[in-house]
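The block underneath contains the structure these notes are about, expressed in structure tokens.
The values are calculated or read from the model by the stated rules, or taken from the named source; none is laboratory data. Remember, it's a predicted structure, so these values are computed and weren't measured experimentally. Note that we place each Cβ from the backbone using ideal geometry, even for glycine, and neighbour counts take in every protein chain shown. What goes into the accessible areas is simple: the full protein's heavy atoms, side chains included, and nothing from ligands, DNA or RNA. Shrake-Rupley method; radii C 1.70, N 1.55, O 1.52, S 1.80 Å.
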Amino acid sequence: MTDKYRPLKDALGRFATGIAVAACRNGDGEIKALTINSFTSVSLDPPLVLWCLENRASSYSSFMSADAYSVNVLRADQRQVSDHFAGFLPDPIGEEGFEAWKTGAPVLKEHLAAFDCKIVARHDAGDHVVLVGAVEQFSCNEGKPLIYYASNYYQGTD
Ligand SMILES: Cc1cc2nc3c(=O)[nH]c(=O)nc-3n(C[C@H](O)[C@H](O)[C@H](O)COP(=O)(O)O)c2cc1C
């Protein structure tokens, strides 16, 4: 079956991005997380970030009712983590791969950078919702980034 969105996806995919995992806890305290590349910075003062969640994602209702999320920027050697949270591979890390920071959202212990955010706005936008977060705590490490370009993964330089 042909994908009618392929031409648009191909053009959008020419914008190289990093790869991150966005995570929250649902009402039962379970971790809900997915691989994203829609993460972007918004404001420095106050510190705001955003990412876009597809309306059909199984974690949609969890992120819509959560108070906080984390965004975890992946290193080049975390391809398996990306594949798992995109739904393609078994879990390589488990619950013990996460820890709680200021907001209580689950933060990946291993990351190139991580942002612990309070959700301050949700904006409907077509088949996605834009989730704006106020950064309450963050961390930045040395290392190579995992890069996504034209539907392929690449390793950045450090
Ligand atoms: C490289 C890459 C980037 C992605 N970026 C996003 C994104 O920004 N927002 C989103 O909602 N889904 C994004 N996805 C898709 C989700 O990771 C995927 O739909 C989700 O893990 C599937 O969850 P579900 O099957 O539990 O609904 C991306 C997937 C990949 C492989």
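In table form, for the structure just shown:
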item: Residue tally, condition aromatic (Phe, Trp, Tyr) and in contact with an Asp or Glu (Cβ under 7 Å, 6 or more places away or on another chain), over segment 98-117; result: 1
item: Counted residues, segment 115-140 - those being assigned to a loop (DSSP other than H, G, I, E, B) and out of contact with any strand residue (DSSP E or B) (no Cβ under 7 Å at 6 or more places or on another chain); result: 1
item: Test for Leu53: is it within 15 Å of Leu131 (Cβ to Cβ) and either in contact (Cβ under 8 Å) with a residue 60 or more places away in the chain or within 14 Å of the ligand (Cβ to nearest atom) (or both); result: yes
item: Near pairs, Cβ below 6 angstrom, 6+ apart or cross-chain, from segment 60-84 (away from the ligand (no atom under 12 Å from the Cβ)) to any residue that is basic (Lys, Arg); result: Ala68/Lys118; Ala76/Lys144
item: Members of segment 1-43 that are among the hydroxyl-bearing types (Ser, Thr, Tyr), away from the ligand (no atom under 14 Å from the Cβ) and open to solvent by 90 Å² or more (accessible area, probe 1.4 Å); result: Thr2, Ser41
item: Test: Asp91 is within 14 Å of the ligand (Cβ to nearest atom), assigned to a strand (DSSP E or B) and free of Cβ contacts under 8 Å to residues at least 40 places away in the same chain; result: no
item: In segment 98-114, the residues that are touching a helix residue (DSSP H, G or I) at 6+ places or on another chain (Cβ under 9 Å) and either assigned to a strand (DSSP E or B) or within 16 Å of the ligand (Cβ to nearest atom) (or both); result: Pro106, Leu108, Leu112
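Condition check ((1) surrounded by 19 or more Cβ atoms within 10 Å (Cβ to Cβ); (2) modelled with pLDDT of 95 or more; (3) under 27 Å from Pro46 (Cα atoms)) across all residues:
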position: Asp91; (1), (2), (3): no, no, no
position: Trp101; (1), (2), (3): no, yes, yes
position: Ala121; (1), (2), (3): no, yes, yes
position: Asp127; (1), (2), (3): no, yes, no
position: Val130; (1), (2), (3): no, yes, yes
position: Ser139; (1), (2), (3): no, yes, yes
